[in-house]
Amino acid sequence: MEVKGVQGTIRYEDGWITITKKEIGQQAREFRIRAADVTGTRLKPGTWATHGYVQFVLPGSAPAPEKGGALTGGRPPQSDPHSLSIPRRSNDAAQKLVAAVEQERGISP
């Protein structure tokens, strides 16, 4: 299962979440998270005017706060390794991915 985000992707398979981010002018970075280690998920759907995001919360860490501003407002910073901004067209795929992670964690969607 894959979600195409803004400058990256989130893949979920075999109990592992892989977030790949490609910042402008830098090489792609990949972050792997075991779904069973996730303590919370946050999904803010994208709209026609703004991008949304998918974020995973891990033990011992607080979720990265949403930034303010005209271009990136309402999303965690690009440097947060546990989140990815998503366009509106990825909302359905993101909902399915989050539901699959929640199911792996033993939480009913």
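What follows draws every value from the coordinates through simple rules; no lab data is involved. Remember, predicted model here, so these are calculated numbers, not experimental data. Please note: Cβ atoms are built from the backbone with ideal geometry, for glycine as well, and neighbour counts cover all protein chains shown.
By how many degrees, between 0 and 90 and to the nearest 10, does the Cα long axis of helix 91-104 differ from the longest principal axis of the chain?
The helix 91-104 is inclined about 30 degrees to the chain.
Considering the options 45, 10, 56, tell which one lies farthest towards the positive end of the dipole of segment 2-104, charges being +1 on Lys and Arg and -1 on Asp and Glu at the Cβ, about the Cα centre.
45
Taking the Cα centre as origin and putting +1 on Lys and Arg beta-carbons and -1 on Asp and Glu beta-carbons, what dipole magnitude results for segment 2-104, to the nearest 20 debye?
Roughly 360 debye for segment 2-104.
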